[in-house]
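Below is one structure, written out as structure tokens; the observations come after it.
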Amino acid sequence: MAPWGDSKLFFCIFFISCYCTVTLAQMPMDCCLSVRNKAIERRLIVDYSHQIKGHGCSIDATILLTRRGRRLCVPAHEPWVHKVMSHVDRLKERCRGNCKSKRSTKGKQA
């Protein structure tokens, strides 16, 4: 290889690694930009997640997922939000035992 070939290879690898680093750093996050403090019926909610200020997002929020797949941004520390989260947790716990036994009996019937 020519003496200048090594430097071209080095700069090519250096450029690619810098490009990948910058690209990954600029990946957009799906953040709530505002919250709506309106109570939502807990029967409509199937899951939730937390958004923490400073971890790529500008506000603290709880993201509620509805049966229809909509994501609703609500205040993280409101009492009604904690009640909805507790309800979802209870449903998940109840389903964890029942759904497993239903799946295993369906597999045995086939």
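The values are calculated or read from the model by the stated rules, or taken from the named source; none is laboratory data. Note that this is a predicted model, so its numbers are computed, not measured. A quick note on method: Cβ atoms are made from the backbone with ideal geometry, for glycine too, and the neighbour counts reach across all protein chains shown.
Is it true that Ile59 is touching a Cys at 6+ places or on another chain (Cβ under 7 Å), more than 30 Å from Arg96 (Cα to Cα) and either assigned to a helix (DSSP H, G or I) or at pLDDT below 95 (or both)? Considered against the rule, which asks whether it is touching a Cys at 6+ places or on another chain (Cβ under 7 Å), more than 30 Å from Arg96 (Cα to Cα) and either assigned to a helix (DSSP H, G or I) or at pLDDT below 95 (or both), Ile59 comes out as yes. Tell me, which residue of the stretch 40-56 that is out of contact with any helix residue (DSSP H, G or I) (no Cβ under 7 Å at 6 or more places or on another chain) and in a helix (DSSP H, G or I) is surrounded by the most Cβ atoms within 10 Å (Cβ to Cβ)? Applying the filter and picking the extreme gives Leu44. Within the stretch 83-99, residues that are closer than 19 Å to Ser49 by Cα have Cβ atoms under 6 Å from residues that are part of a helix (DSSP H, G or I) in these pairs: Val84/Arg42; His87/Arg42, counting only partners at least 6 apart in sequence or on another chain.
Looking only at the stretch 51-74, which residues are within 14 Å of Ser34 (Cα to Cα) and touching a strand residue (DSSP E or B) at 6+ places or on another chain (Cβ under 7 Å)?
Result: Gln51, Cys57, Ile59, Asp60, Ala61, Thr62, Ile63, Leu64, Arg71, Leu72, Cys73, Val74.
Any idea how many residues of the stretch 72-82 are outside any loop (DSSP other than H, G, I, E, B) and free of Cβ contacts under 8 Å to residues at least 24 places away in the same chain?
Adding up the residues that qualify gives 3.
Of everything in the stretch 57-86 that is of a type in the set (Gly, Ala, Ser) and loosely packed, with under 13 Cβ neighbours inside 10 Å, the residue that is nearest to Asp30 (Cα to Cα) is Ser58.
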